Ligand SMILES: [Mn+2]
């Protein structure tokens, strides 16, 4: 399953880690969690930090990393397991697959090394085993000053992971391209079948069927909704009505764990209304302008503010906001309609390394800002070559925000509420692509999926002919 390029990259990652940290490192892959009884489990997902060095999603495995060498700790299943799950690999064959230098049963983990650095295992059962075997708990709170030597080495490991995983190597890029391609195909299937889909649920099935056919799970719960104003809407109860806008935020994850994250918004009927089209084009202008700016060294936060500026100016043009766009950005008035950040890191995780808090997203010494327009910004650091980021501006009418008395008061002079009422057929619009930072600029991995309103309409109408 791992080709020579993948193995070469895995060895390189292991050597890079050794340069960043002095201690030996232990990482747990995790175990599947029972849904109701032990033999019926939720789908297994290996820990991303484990996957980064091991390459394959092994269940109930631990890897030891020291001086660039990998030891695989794993127990061969009992012969009885083969009755239900078929034959398993031998440990030595598995070790050879992932290019491990040594292998041993799990019982050898507690004796492998003293003073190891680690990261919290992803499931409760594993965290318990981890504490027992290490004789301590692994640091979870990275915001405070580490209180012990072991907490210091855990933090050092977390920082090393960030340094490594921020930039996508050849193996990662190959996987991320695959995830992007399958995701594009899934969205196209969604667009092409919308006219014959009676409901959100039926459309979701069309979209996810393409991922399943490629043996890919979804990288996160798909959003397929006519209520795009509910930002993380993961229920699918509504029928599709001709005047509705559909917001689809769905991404595949490759079998080796690498994610895509793509959003498109299209009209159920195949034709945007004039109000929908006006706002769609504003969001698209912000999307395009941000992607055109992407280059190493650029501050990601400046992309957010660029999107804010374009959305504010666009909303002034259509009469929803009043005043000077610069001032509306300074006062965060645009955030009434675009309350989230312009995007985030993408890699093994859809919000890459968010399990480490803001350690990956925020450059050293930077912290989340409390301003309404910036508090949900997940990434605030200068872009580097081979980082993968999303660009995802949006426009929403979120009742929970727009009906807040204090906000209505604060922005009384900025919003033309009567004019806004004309746009009631727009509840939520978002356009999101995955962009690799290269020395030449942004490379959009998901560019095969149209964004221009007319091209999106053509895709939805394609099944008519
Ligand atoms: Mn996203």
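Nothing in this text is a laboratory measurement; each read-out follows from the coordinates by a stated rule. Here the structure is a predicted model, which is why all the values come from computation and not from measurement. Don't worry about glycine lacking a Cβ; one is built from the backbone with ideal geometry, like all the others, and counts go over all protein chains shown.
The single condition among (1) within 16 Å of the ligand (Cβ to nearest atom); (2) in contact (Cβ under 8 Å) with a residue 12 or more places away in the chain that residue 316 does not satisfy is (1).
The number of residues in segment 381-394 being in contact with a helix residue (DSSP H, G or I) (Cβ under 8 Å, 6 or more places away or on another chain) and within 16 Å of the ligand (Cβ to nearest atom) comes to 6.
Of everything in segment 335-349, what is over 24 Å from residue 160 (Cβ atoms) and away from the ligand (no atom under 11 Å from the Cβ)? Give them in sequence order. Listed by number, the residues that qualify are 335, 336, 337, 338, 339.
Just checking, how many residues over segment 333-349 are farther than 23 Å from residue 259 by Cβ and buried (at least 19 other Cβ atoms within 10 Å of the Cβ)?
Count: 6.
The lone criterion from (1) surrounded by 14 or more Cβ atoms within 10 Å (Cβ to Cβ); (2) away from the ligand (no atom under 16 Å from the Cβ) left unmet by residue 352 is number (2). Put simply, of 238, 227 the only residue that is in contact with a helix residue (DSSP H, G or I) (Cβ under 8 Å, 6 or more places away or on another chain) and over 22 Å from residue 436 (Cα atoms) is 238. Among the residues of segment 94-104, are any part of a helix (DSSP H, G or I) and free of Cβ contacts under 8 Å to residues at least 12 places away in the same chain? Yes. Screening the candidates 366, 371, 378 for the property of being in a loop (DSSP other than H, G, I, E, B) and within 12 Å of the ligand (Cβ to nearest atom) yields one hit, 378. Among the residues of segment 416-436, those that are outside any helix (DSSP H, G or I), more than 16 Å from the ligand (Cβ to nearest atom) and out of contact with any helix residue (DSSP H, G or I) (no Cβ under 7 Å at 6 or more places or on another chain) comprise 416, 424, 427.
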